[in-house]
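Data block below; observations after.
Only the coordinates and a few stated rules stand behind these numbers; no lab work does. Every value quoted in this text rests on a predicted model; they were computed, and no experiment measured them. Every residue, glycine among them, receives a Cβ derived from its backbone with ideal geometry; neighbour counts consider all protein chains shown.
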Amino acid sequence: MLAPETTALASFQNVSYASAGDRLLSDVEFTISGRGITTIMGPNGAGKSTLLRLLAGLLSPTSGAITWHRPAGASRIESAFVFQRPVILRRTVSANIRHAISPLRLPDTQASNRVHAALLVCSLEHLRDAPARRLSGGEQQRLAMARALARQPDVLLLDEPTASLDPAATNAIEKIALACADKGTKVILVTHDAGQARRLSNDVIFLNAGRAVEHSPATSFFNEPDSQSARDYLAGRITITDT
Amino acid sequence: MSEATQALYLAVKLVTSMDAGLVEIVLLSLKVSLLAVAVACAIGLPLGALLAISRFRGRRLLISVNNALMGLPPVVVGLAVYLMLSRSGPFGVFGLLYTPTAMIIAQTLLVLPIVAALSRQTIEDLNAEYDEYLRSLDMGLIGRLKTLLWDGRASLATAAIAGLGRAIAEVGAVIIVGGNIDHVTRVMTTAIALETSKGDLALALALGLVLVTIALALNAAVEILRAGAERKLHAGA
Amino acid sequence: MKILISLLCALTLAATGAVAQDRFIILQSTTSTANSGLLDHLAPKFRDKTGIEIRVVAVGTGQALKNARNGDGDVLLVHAKQREEKFVADGFGTKRYDVMYNDFIIVGPDNDPADIAGHYEINVALKKIAAAKAPFASRGDESGTHIKELSLWKQAGVDAAADSGSWYRETGSGMGATLNIATGMNAYTLTDRATWVAFANKSSFRIMVQGDKRLFNQYGIILVNQEKHPHVKAAEGQAFIDWLISPEGQMAISAYRRDDQQMFFPNAN
């Protein structure tokens, strides 16, 4: 876990990302703090998921630099990623969680403890031996959260985790995310659900057409966004920009 | 009585009387082919998986060659293995020619390309689906292979069965390297070839019926095992 | 997983261990000799006397000679005298012994399109077949039978091979397969008597020509030369040869009957 004194966690300096000739992100610049929930918002195609993947290390920037501010003494910053549609392995729920922490090579008892803890936090105890593929959409996403939590990450990256879920399931996921943030895990959430963003955010990064247009604390963002595109977005208007 | 009816009658008689000669031949057929498939899977499944997830120059060529080898004529494989194991050949000193071991070697070589090719296709599809998730877990190569092979087990089992079908049905390879020696290297298919060459077509056909029945029984057994395993996963072992 | 591995080990031991420590020799012989049932008749007698098992690899004459040349056999028993003598001359065999003889016959369909039934002279019969362009199935595989057949056509002055593909059909197969093909296409064919008597798919065929001394079929037995192939079981192999040419072995050969007919005639002296 990160020391409470650490304010800056990760900085993007002039980061661009292009793939197959398409510029998905251009000159993105911001610094994320080490506490609370940061939400990344913007219209479809704005580059939100790309940004999250760059943070996860799943993609490498075409130009620019991403800096992680490690507190003194910490070996590295661990992140865990939850995808919008999780890949569920053909095995039981607990085996899925166990699999997720296998690269950590923990001793048996420690691994079992982590699996057990994750099941509890995500209310999956009663399904521990169920074939994971038979779970409902909401249960599968809770499993994806459990897998991420079992890694005990410093940063939890969530890519539109509730986009396909009903309100009850969405509520369950949000509660888990909030609990994580309370315990000191940094949560970075990509969402297109403004209501969810309002419920969860400490601060918001707003993207439009591959550019980071705004980075504001939640209250000021939702009351009075700085940028026109953000204002349009929150008001439900479509902005068409020439990139 | 037509040849076909005669064959049916003979087949039933052979099986119900548990004819000692028949039992011996059947057991040897099963031993040779099952072992060959086991070895071919032990090598071929991981090899196919590795081919599926690796990227290197010549990969496409290797995949094409592998696919082409699926169509290797058994008699050609038999000939090649004979030349290897012959006393005048490089491995003659082991004295393996005309033994069941030689037959297992030949059938393993026949089955290996099938198992590897089907494994490659299955794992390649699975890898496309799982790739991002496994990368997000920092999963190493071995971990990735283990994950994909286990999760793909249903399709891989089918690959193994395809291999078994090829092995148990072939005669060209085992007859050359085994020599069809009575009580030593005579299996179902070589026995059928022998009876045909003796003109005893009814008996040959009867043996053929027994062979087909055994193949069906084997497949049924595998299916039952598979369903049982799925059920176990259900009930929470 | 552990169960699977132990099962695998057990199977391996079982499959390979079956080739236990019994004394045995490998006899390279021809399909006609094996299919006649003679070797099944002789082997138990020899085993009872000496404890040595005979493992028979029955292939075409050409393949038997090649296998023996490669050292993939201890004893060679075929019926192609010239090639056997060359085998010994080339140093691959120690010595060639006459063992037994029988004869070749021409078999054909009941309706006898070339009208050769009952003819004694093989030359006449072959000429009539060629003239009538009646279908004739040849082994076409350089076996003892095939070589004999070719020499008979030559003696009769007929160039049958020139018509390969029309009435003269080369099957490239063993005697049994060739007989199946012959009965299947109503073709005449040359076969050794033993294979014919034992053959179970005669259909409407019967013996057309027999008795001509040109149809004589001699079998020879040779021990593979240990000097060329050190692993050859010379002692056991010679024991088999000695037994086969001894009065006891020769009697066993003449005692073998099929359909009450004697199939092979001993002539080891």
So which aspartates and glutamates pass the test for C:Lys66, namely a Cα distance under 13 Å, with those fewer than 8 places away in the same chain ruled out? C:Asp74, C:Glu84, C:Asp90, C:Glu142
Among B:Glu170, B:Glu124, B:Glu132, determine the one that fluctuates most according to a GNM of chain B built with springs between C-alpha atoms less than 10 Å apart. B:Glu132
How high is the relative contact order of chain B, in percent, counting Cα pairs under 8 Å that sit 6 or more residues apart? 31 percent
Listed peptides A:55-65, B:89-99 by packing density, highest first (mean Cβ within 10 Å): B:89-99, A:55-65
Once the other residues with Cβ under 13 Å from the Cβ of C:Ser246 are scored (Lys, Arg +1; Asp, Glu -1), what is the net sum? 0
Label A:Asn202 and B:Val222 with points 7 Å out from Cα along Cα→Cβ: what is the distance between them in nm? 5.6 nm
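In what order do C:Ser36, A:Ser216 fall by count of nearby beta-carbon atoms within 10 Å, going from fewest to most?
Lowest to highest Cβ neighbour count: A:Ser216, C:Ser36.
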Hits among aspartates and glutamates - C-alpha to C-alpha of C:Lys49 under 18 Å, sequence gap 8 or more where chains match: C:Asp22, C:Asp40, C:Glu236, C:Asp242, C:Glu248
Around C:Ser151, with a cut-off of 14 angstrom between Cβ atoms, what is the net charge of the other residues, counting Lys and Arg +1 and Asp and Glu -1? +3
Could you check the spin-label model distance between A:Thr109 and B:Thr16? Points 7 Å from the Cα along Cα→Cβ, value in nm. 6.5 nm
Could you check the spin-label model distance between B:Lys146 and B:Val93? Points 7 Å from the Cα along Cα→Cβ, value in nm. 3.9 nm
In what sequence do B:Glu129, C:Glu84 fall when counting other Cβ within 10 Å, fewest first? B:Glu129, C:Glu84
Using only Cα atoms, locate the centre of segment C:246-269 and the centre of segment B:173-205, then give the distance between them in Å, rounded to an integer. 26 Å
Span-like helix ranges in chain B, DSSP H, alpha carbon extent 18 angstrom or more, Kyte mean at least 0.0: B:3-16, B:20-53, B:100-136, B:153-169, B:201-235
When only Cα pairs under 8 Å and 6 or more residues apart are kept, what is the percent relative contact order across chain A? 27 percent
So for segment C:103-215, if I pair up every lysine 8 or more residues apart or on another chain, how many of those pairs have alpha-carbons under 17 Å apart? 6
So how do C:213-221, B:40-48 stack up, highest first, on mean other-Cβ count within 10 Å? B:40-48, C:213-221
To the nearest 20 debye, what is the magnitude of the charge dipole of the protein assembly as shown about its Cα centre, counting +1 on the Cβ of each Lys and Arg and -1 on the Cβ of each Asp and Glu? 940 debye
Fewest-first ranking of C:Tyr188, B:Tyr133, C:Tyr168, using other Cβ atoms within 10 Å as the exposure measure: B:Tyr133, C:Tyr168, C:Tyr188
Please work out the FRET efficiency for the pair A:Lys175 and A:Arg134, using the Cβ-Cβ distance as r and a Förster radius of 25 Å; give the result to the nearest 0.05. 0.60
For segment C:103-215, shape from the Cα gyration tensor axes a ≥ b ≥ c, cut at a/c of 1.5 then a/b versus b/c, turns out rounded
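Just want to confirm a number: the relative contact order over chain C, from Cα pairs under 8 angstrom separated by 6+ residues, in percent.
Values: 492 pairs, mean separation 73.8, N = 269.
Answer for chain C is 27 percent.
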Of C:Gln28, C:Gly211, C:Thr171, which is farthest towards the positive pole of chain C's charge dipole, taken about the Cα centre with +1 and -1 on the beta-carbons of Lys, Arg and Asp, Glu respectively? C:Gln28
Mind jotting down the distance between the C-alpha centroids of segment A:158-220 and segment B:56-101, whole Å? 60 Å
At R0 = 56 Å the Cβ-Cβ FRET efficiency linking A:Asp27 and B:Glu124, nearest 0.05, sits at 0.90
Please give the helix A:137-150 orientation as an angle from the longest Cα principal axis of chain A, in degrees from 0 to 90, rounded to the nearest 10. 80 degrees
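What is the total of Lys pairs in segment B:3-235 with C-alpha atoms under 27 Å apart, excluding same-chain pairs fewer than 8 positions apart?
Lysine pairs, 8 or more places apart or on different chains, close enough: 4.
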